[in-house]
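Note sheet for the following structure.
Just so it is clear, none of the values below were taken in a lab; they were calculated from the coordinates. Predicted model, so just to flag it, every value in this text is computed and none were measured. Heads up, the Cβs are rebuilt from the backbone with ideal geometry, glycines too, and the neighbour counts pull from every protein chain shown.
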Amino acid sequence: NSRSNSGSVYIILDSIISALGSGQNSIDLSDNTNYSIRLDGAEASTFFGYTIKLLDIDHDTMLDLVVSAPFASNNGRGQSGSIYVIKDSILRSHSSGYGDNVDLGVSSNYSFRIDGAETSTQLGYQSFSVGDINGNGKNDLLLGAPYVQYHGDEFVGGVYLVSDSILDLYTSTGQNID
C-alpha cells in the first residue's frame with residue numbers, strides 16, 4: 001500500500017506453497033499470485049504486524065488472527081498502540097483466490113481493535129500472550145505496553161488481561177475496545 005511503514009501481514013495458503021516448483025525456496029511477494037491475503041495496516045507508521053498470534057477467540061475451533069500495531073495513534077493518543085483481532089470468518093471471506101489486499105483502515109475488515117490507554121504506551125510492542133489464563137477453557141489475551149506511567153513514574157510498563165468474557169462481547173466487525 002502507499003502508507004509508509006503501515007506494515008502488512010501476508011497469508012500464504014498451502015495451495016500456493018504446494019504449487020512451488022522443485023527447488024524453489026523463495027516467494028516474491030510483489031507478485032500478488034504468490035499470496036492469498038495481504039492485510040495492510042490502517043495508517044502510516046503503525047508497524048502493523050509487529051507481533052502476530054493465532055488462536056481461537058470465538059470458540060468455533062477455527063484459528064483467528066491477533067496482530068499488533070504498536071505505534072498506532074487511535075482515539076487522539078499518539079503511539080498508544082493497538083491490537084487487531086481478525087476472526088476466521090473475515091479471513092475465509094477473503095481467501096477464495098490470490099492477491100486479495102485487505103485494508104484495515106476499513107473497519108469492516110477486522111473484528112475488533114483494542115487501543116492502548118495512554119499516549120506513547122505502545123500497546124503490543126512487547127510480545128503478548130494468548131491462552132486460557134483464568135482456567136475456564138476459553139482463550140484470554142495478556143497484552144504488554146512497555147511505556148505505561150504509574151504514579152508519576154515513567155516507563156514502568158503495564159500488562160493488561162483481556163478475559164474471554166470481554167472478548168465474547170464483540171461479535172460483529174469494526175468494534176473498538178478503548
Percent antiparallel among DSSP beta bridges (both partners in the chain, rounded to 5): 80
Two-site label geometry, ASP56 and GLN24: point separation in nm, points 7 Å out along Cα→Cβ: 3.4
Stokes-Einstein D (µm²/s) once Rh is taken as the Kirkwood radius of the stretch 95-178 over alpha-carbon pairs, at 20 °C in 1.002 mPa s: 145
Beta bridge orientation in the stretch 37-132: antiparallel %, DSSP, nearest 5: 75
Placed amide H near VAL102: partners under 5 Å, 5+ positions off or other chain: ARG38, LEU39, ASP40
Extent along principal axes [Cα atoms of the chain; Å; largest to smallest]: 59, 39, 31
Assigned charges on the beta-carbon of Lys, Arg, Asp, Glu; the chain dipole about Cα centre (debye): 240
Mean residue ellipticity (222 nm) of the chain, computed from DSSP H runs ≥ 4 via -39,500 (n - 2.57), nearest 500: -1500 deg cm²/dmol
Dipole of the stretch 34-81 [Lys/Arg +1, Asp/Glu -1 at C-beta], most positive-end residue of LEU54, GLY41, SER80: SER80
